[in-house]
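**Q** The structure is given below, and queries will be raised subsequently.
We did not get these values from a lab; they are worked out from the coordinates using the rules stated. What you see is a predicted model; the values in this text were computed from it and never measured. Heads up, the Cβs are rebuilt from the backbone with ideal geometry, glycines too, and the neighbour counts pull from every protein chain shown.
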Amino acid sequence: MRGFDYVAKRIAFALVTVFVAITLNFVLFRTLSGDAVSALRCRQCTKEFKEYQREQLGLDQSKWEQYKIYLSDLAHGDLGRSLRSEAPVTQELWPPLKNTMPMVALGTLFSIVFGVLAGVISAWRRGTWADKSTLWTGLSFYSMPPQWLGLLMVLFVAGALGLPTAGIKDPTLGILGDASTWEVFVDRMRHMILPALTLGLVLYGEYAIVVRSSMLETLGEDYVLTARAKGLSNWATVWKHGLRNALLPIITLVALSLGFIIGGSITIEYVFSYPGIGLLVVEAIDQRDYPVLQGAFLLLTFSVIFANLIADLLYFKLDPRVST
Amino acid sequence: VSAAVQGAAAAEGVDVSTGRRPGLVRQAVFGEPQALIGIAIVVMFVLIAVVSPFVLHGDPKAKVGPIFQPPSIDHLLGLDGGGADMLRLLIAGTRVSLLVGFAAALVSALIGGLVGILSGFYGGRTDTVLMRITDYFLVIPDIPLMIVVAALFGRSLTNIILIIGVIYWTSTARLIRAQVKSVRERVYVKRARALGAGNRRLIFKHILPQVMPLLIANTVLLVAYAIFAETFITFLGLGDPSVISWGRLIENAFTDDAILNDAWWAIVPPGVCVTLVVLGSTMFGQSLEDALNPRLKVGHLSVRRFRMRPLRGQLDAE
């Protein structure tokens, strides 16, 4: 049962990592940062309000007690309350999360499409001018700070394509009678395209490199040679015999790069004022709303740990030679 | 070592017993146009950073004309949202960005190098504990962690350098550990040990010189990540307010509404500089790394930034 061993090991690792992340989160926010309440930036807050907040957070107790309360709250799905809106953090996280997910998914889709296209062209035309320029374009995009690329998008692309550059929906939509589902959908897509495109461009270089090298590997295999010998066209050889096998590493790579995707989407959302997790993080930083920042950080960390676990398991499934 | 690998290595002029090639670094740097271009870019920016205080007088933030004035003969890159000369700001920013890049890279090279050497050299329980810690930190997403720590610890340049440095050491540690483990098993190290050399002597005399080039190559790569990370932290308003860096210029362009003013000259140049340096040091660092250790195996979790040539076996679990 070597397979079972592997799966159990990976799951155990993920669980321990979750615990490490939770503890790190506690250490960062409760012991190193001093007092969250006095750091809160809020002009209207009275002294009494702050005292009340301190009590609510249990800041008057010992660190060890705080840690135990923190763990048990977390186990009950309680991430505390936002210092500025008084709403539970979980409630604050949910709507932005719903906005972020489709945007990040669309961005990842863009990056996979660009990456596969660029990688296949590069591998097919290996060593030529087309190979080099395709690869270097991808690498240049990869080296750009995402927020800067976002600004360029607003500056040069948005106008040309007539796309909105901020927010998530057109404020005038639905004023004159109810908007149909289709209209709402189109409006959402229009607002999502630029941030997603930015994310896709920033990411695709990495995928292009991997597709290229695994294509080169598969194109050298005997069965590809056989396919050619059978008289299959170039196109059919590349698609049917090369790409299908070359795509395996991409699947795990996408899961693995989720950490970077999430990082990139924070500043991209800020540039496009797209009300997702990234914008929430920026606002929480701005107002020193630590519980929200803490909750968002946990959410992001958990999703990356989870994605890593999925990547490990998928990779095992695809290539059972993996052992430890 | 399989016969095939030995044959291939012999064909490339590698001495199989030590894995070293004659003039390897020189060959890596001057043999490949990619490395040469990379070096040229990095050296150019370093020169700008070093020479600028002698050429650039006065405060670069000083207002010299109307805000967002387009490029002219007097001000080649125009003026920014505060009416300051963009070219001067850019040059001043080069110093800070490179300082952050090199200093943070140094911090993570020190931590990563130390952890890697201890872990690889002593093996056993030390190795297990250190690598466990490394693995946990590898999985926690770096950018959000950096943002959170930066938000909690105040906005000084030193803090930013430390934060970036302390967060990016993990992949270095893994890389160095792998190299140390292979060096440790080489004949001359074993012989030195048999002759009675102590651990400290072995590390400083035999291991370190073998690992150093790789550590340096990795540091060059880290410079790129660090410069990139600085723009990120600064963009979220967590940068040091008293200094000008490329990251700050991008942030300024955004917060001063350069877009509404159609002031492309305030937006485009700082990003171009970041992209060039990141690309340059990656090209250079990677050719160096590849040349020094063509069969490098890094844990697959360190897929963090791109590699131009994916390492062989990169996706294999170690």
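**Q** Could you list which residues have their amide H under 5 Å from that of A:Arg81, counting only those 5 or more apart in sequence or on another chain, with H placed in the peptide plane?
**A** Amide H to amide H, under 5 Å and 5 or more residues apart or across chains, A:Arg81 pairs with A:Val89.
**Q** Right, here's the next one. Hey, in the GNM for chain A with a 10 angstrom Cα cutoff, which one of A:Thr137, A:Thr100, A:Thr128 fluctuates hardest?
**A** Highest fluctuation among the options: A:Thr128.
**Q** I've got another one for you. With each label point set 7 Å from Cα along the Cα-Cβ vector, what nm distance links B:Val51 and A:Val113?
**A** Roughly 4.6 nm, to one decimal.
**Q** Extending each Cα 7 Å along its Cβ direction at B:Glu185 and B:Val272, get the distance between those two points in nm, one decimal.
**A** 5.0 nm
**Q** Same structure again: With chain A treated as a Gaussian network of Cα nodes joined by springs under 10 Å, which of A:Thr237, A:Thr134, A:Thr252 yields the largest mean-square fluctuation?
**A** Answer for the Gaussian network model of chain A: A:Thr237.
**Q** Right, something else. B:Leu110 to A:Phe185: FRET efficiency via 1/(1 + (r/R0)^6), r the Cβ-Cβ distance, R0 56 Å, to the nearest 0.05?
**A** My answer for the efficiency is 0.60.
**Q** A follow-up question, please. For A:Lys132, go through the lysines and keep the ones whose alpha-carbon is under 30 Å away, minus same-chain ones fewer than eight residues off.
**A** A:Lys132 reaches A:Lys240, B:Lys297.
**Q** Which ordering of A:Thr17, A:Thr46, A:Thr226, B:Thr231 is given by a fewest-first count of other beta-carbon atoms within 10 Å?
**A** Least crowded to most crowded, the residues run A:Thr46, A:Thr226, A:Thr17, B:Thr231.
**Q** Between A:Gly138, A:Gly159, A:Gly200, which gets the highest mean-square fluctuation from a Gaussian network model of chain A, Cα cutoff 10 Å?
**A** With Cα springs under 10 Å in chain A, the top fluctuation among A:Gly138, A:Gly159, A:Gly200 is at A:Gly159.
**Q** Fewest first, what order do B:Arg174, A:Arg81, B:Arg191 take by the number of other Cβ atoms within 10 Å?
**A** Final ranking by Cβ density, sparse to dense: B:Arg191, A:Arg81, B:Arg174.
**Q** With a Förster radius of 56 Å, plug the Cβ-Cβ distance of A:Lys98 and B:Ala194 into 1/(1 + (r/R0)^6) and report the FRET value to the nearest 0.05.
**A** Efficiency, rounded to the nearest 0.05: 0.30.
**Q** Which ordering of B:Leu195, B:Leu292 is given by a fewest-first count of other beta-carbon atoms within 10 Å?
**A** B:Leu195, B:Leu292
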